[in-house]
1. Report the per residue volume, in Å³, of the convex hull enclosing the C-alpha atoms of the range 332-419.
2. So if R0 is 56 Å, what FRET efficiency would Glu60 and Arg371 give, r being the distance between their Cβ atoms, rounded to the nearest 0.05?
3. If you add up the charges near Phe403, with Lys and Arg at +1 and Asp and Glu at -1, over every other residue whose beta carbon is less than 15 angstrom from its beta carbon, what do you get?
4. Under a 1.4 Å probe, what is the accessible area of the chain per residue, stated in Å²?
5. Equivalent-ellipsoid semi-axes (√(5λ), Cα gyration tensor) for the range 252-296, whole Å, largest first?
6. Multiply the residue gap between Ser216 and Arg409 by 0.36 nm, knock off their C-alpha separation, and tell me the result in nm, one decimal place.
7. Would you kindly state how much longer the chain becomes between Ser326 and Ile291 on full extension, computed as 0.36 nm times their sequence separation minus their alpha carbon distance, in nm to one decimal?
8. When every alpha-carbon pair in the range 112-166 is counted, what percent end up more than 18 Å apart?
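The values are calculated or read from the model by the stated rules, or taken from the named source; none is laboratory data. All figures in this text were calculated on a predicted structure; none of them were measured in a lab. As a convention, Cβ positions derive from the backbone with ideal geometry for all residues, glycine included, and neighbour counts pool all protein chains shown. The protein model used for the area step is the full one, side chains on, heavy atoms only, and it has no ligands, DNA or RNA in it. Shrake-Rupley method; radii C 1.70, N 1.55, O 1.52, S 1.80 Å.
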Amino acid sequence: MSAANRGSGREAEQPRIGIGILGKGTVGAAFRDLLEQRADMVEEVSGRRPEVSGVVSSQEGDFDRILADSEVIVELIGGTDPARDYVTRALREGRHVVTANKQLVAQHGDELVAAAKEGGAQLRFEAAVAGAIPVIRVLQESLGAVPIEKVTGIVNGTTNYILTEMARAGLSYEEALKQAQDLGYAEADPSEDVGGADAAAKMTILARLAFGAPVSLDDVPYEGIEEITADDLAYAKDLGLSLKLLGVAERLDDEISVRVFPCFLYPGHPLAPVEGPFNAVTVEAPVITEITMSGPGAGGEETASAVLGDVLSVLSGGSPLFEENSRLSVARDVNSAFYLHLEVEDRPGVLARVAEILGVNEVSVRSVVQRGLGDDARLEMVMHEGPESRFNAALEKIAELDFLRSPPRSIRVIEEEFV
Ligand SMILES: NC(=O)c1ccc[n+]([C@@H]2O[C@H](COP(=O)([O-])OP(=O)(O)OC[C@H]3O[C@@H](n4cnc5c(N)ncnc54)[C@H](OP(=O)(O)O)[C@@H]3O)[C@@H](O)[C@H]2O)c1
């Protein structure tokens, strides 16, 4: 008898749905409360009453016993160990799994899909990306037949909150981070968020779904916001731009590129007005032009609602697409426009020398502003879009110039507007 048949046998025998909950922290506790509050609705939708078959935490719970007594396993531990072992075992044994764990899905997606196929079970992970925003369901189901060209996301609420406060209240990075920690938007160790690793894991998942290509976390270069200064935000304010940490996954002929970086956005971009701890994702394809979804990206109750939505989807039987049949490979060089900030000595010939290096590397300049005098002299330049490899080669040479007062700083600029 296959695992899938074993699963349906259990459904026939039992008038209740056994739900095993792994983790009872922020999301686990909120999910348990929500399940209790919404049990009547789940019973109406599925025809059977949900019942928590057991809870596992670091201190309590016997996973094997709970597995034996569950039809659905909800994984809310986080990280890969022991979540990976629990989830793969559950799937192989025909239990549907709902998880909010982005690291697990981004790092071990292939293994989980294989285990789900082996067990004839469903794997759902809506809450792993962008909290309560149903972006996974939209990519897997609503847009499942649409050839997607680009997915751009603000997928980390902590960094969006910090950048918003730096822009709004003129705070330094350190002050904004401290404020985010005091309000519970940033963890005591914020490195995963502010360094871009959290957003990279989420973009890995979105790219796999959007392009059906086997993107791995190692294919996703990422930068964070630790180096962003008040000067960068002042420049953005002067020109009416926003500064965001974005994840960008795009199709480039027969390659794809997935990256995370801070960048300036023009006001006509749908992600430009997204402020505070909110998340938002824009999906682009010729047939739909552009769809943007935004909402709370984290929080126990918000995430628990996405988890319960997945549990309902599992119980109503639909199986999401998670097929990877595309031959698209990951691009090593992509086109970007850059802003370049140089603190320079106030003397003749400085601009000409910088322009010469850019010219030799075929980087074309869109605008130049000279600010300050004497010890405060700065050049702020924006380049036209071109291969990043050329800009980086020019930047290396510029960094060697003897009239620089500090290392050059560059930030990407997205020129796309939807107006
Ligand atoms: N918090 C959010 O807003 C949010 C948003 C989106 C997604 N998520 C994701 O949701 C998941 C859970 O996050 P959370 O914020 O709820 O985490 P959390 O508050 O730290 O809770 C983690 C839970 O896992 C349990 N646990 C830890 N190690 C364990 C082990 N070795 N074996 C069994 N249980 C173990 C903990 O047990 P103890 O209770 O004994 O400590 C705790 O109950 C993560 O994947 C996270 O990325 C969270």
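1. Per residue, the Cα convex hull of the range 332-419 comes to 96 Å³.
2. With R0 = 56 Å, the Cβ-Cβ based efficiency is 0.40.
3. Here the count lands on -3.
4. For the chain, the solvent-accessible area averages 43 Å² per residue.
5. 21, 15, 11
6. The Ser216-Arg409 span can extend by a further 66.6 nm.
7. Extra length from Ser326 to Ile291 when fully extended: 10.3 nm.
8. Distances greater than 18 Å cover 53 percent of the Cα pairs.
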